[in-house]
Amino acid sequence: MSTGTKRIRKPQADIAIIGGSGLYHMEGFTRLKEINVPTPFGKPSDSIILGSFEGVNIAFLARHGRGHRTLPSGINYRANIHALKSLGVSRVFSVSAVGSMKEKIRPGDFVLPDQFIDRTTQRLNTFFDQGIVAHVAFADPICSTLSSLLWEASQKTSVKVHRPGTYLCIEGPQFSTRAESLLYRKWGVDVIGMTNIPEAKLAREAELCYATLALVTDYDCWHETEAAVSVGAILSIMHKNVEMAKRVLHHALILAKGLRPCSCQTALEHAVITPLSRISPTLRTRYQVLLKRQLSTLLHTKKR
């Protein structure tokens, strides 16, 4: 079984950007190279672009693939997150197009969610599905440090940003019915999207800091005076959003230079229920990137 990690001997990136709809590349990076990273969970959405920006090593991945080839439920989220982890990434900025569920959050605004509601039904949402069980804490799914950094970066631009907020993730690819949209409004959610779950769950399992920059493109279909959401309407505002998002991210990458490790990066410390001594050699290979710290401790104990 090929993991795609044995050839990677040292960290090649510190921070990753996962680009959503409309964000398929980032300008301003130097020392660019493109690599394919196979994983035990299959192929990522696309090759990963490695580069440097203001002294920070960056990995960029187009969530849907360049050219937007993969629908939300078809994205191999596990491969995407595992590939980034194997490259040495410790922090992830997720950029996502969303619909607004509140009047005050207008198309063109940005939102920094701090909570999720999961309405997906068809997606693999854990790495630990074969011979090993882990239960990570997910009460606070967004890294507050990373989200605060995005807020600070956004203040250097003219975009209007709302925080905090609740992101409701639906299966898609269809947009909501009007009845669903009105129901979600009663729940008090702020934005609706199709991609941040299980991405955020997997990032926590991979001990990655994760924060979302949500780009508002429409009012879904609940608004009485606005037209119901359509791809045409979304695309017209998406291009403006993406250009502003790039500015925010450029500022955020500079601010991220001095960040210290946080609790997100030890999320598995007490989460693995299965005794490591009972994990087979095959499974140790499968999980070597995710459980490197724990497996190293096990190996050291055996040598003693």
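Read the figures in this text as sums done on the coordinates, not as results from a lab. Model, not experiment: these values are computed from the prediction. Cβ sites come from the backbone with ideal geometry, for glycine too, and all protein chains shown count toward neighbours.
Go through Lys186/Lys257; Lys43/Lys292; Lys102/Lys156; Lys43/Lys240; Lys160/Lys201 and tell me which ones have a Cα-Cα distance over 29 Å in this structure. Don't skip to the end; give the middle numbers.
Values: Lys186/Lys257 40 Å; Lys43/Lys292 21 Å; Lys102/Lys156 25 Å; Lys43/Lys240 31 Å; Lys160/Lys201 27 Å.
Result: Lys186/Lys257; Lys43/Lys240 exceed 29 Å.
In loop segments of region 26-58 as defined by DSSP, the GluC sites (Glu not before Pro) with at most 16 further C-beta atoms inside 10 Å of their C-beta are Glu27, Glu54. Across the alpha-carbon atoms of the chain, the computed radius of gyration and Dmax are 19.2, 71 angstrom.
Calculate, for Val133 and Ser263, the FRET efficiency according to 1/(1 + (r/R0)^6) with r their C-beta to C-beta distance and R0 22 Å; round to the nearest 0.05. Could you put the intermediate results ahead of the total?
Values: r = 21 Å, r/R0 = 0.97.
Approximately 0.55, to the nearest 0.05.
Would you mind putting 282-288, 143-149 in packing order, based on average other-beta-carbon counts within 10 Å, highest first?
Numbers: 282-288: 17.1, 143-149: 20.0.
Final packing ranking: 143-149, 282-288.
If both residues of a DSSP beta bridge must be in the chain, then about 35% of such bridges are antiparallel.
Between Asn125 and Thr274, 0.36 nm times their residue separation minus their Cα-Cα distance comes to what? Display every interim value, and only then the final one.
Values: separation 149, 0.36 × 149 = 53.64 nm, distance 1.85 nm.
Residue separation times 0.36 nm, minus the Cα-Cα distance, leaves 51.8 nm.
Cβ crowding within 10 Å, taken as a proxy for footprinting-reagent exposure, orders Trp222, Trp151, Trp187 from fewest neighbours to most as Trp187, Trp151, Trp222. Put a dot 7 Å past the Cα of His239, heading toward its Cβ, do the same for Arg284, and the two dots end up 5.5 nm apart.
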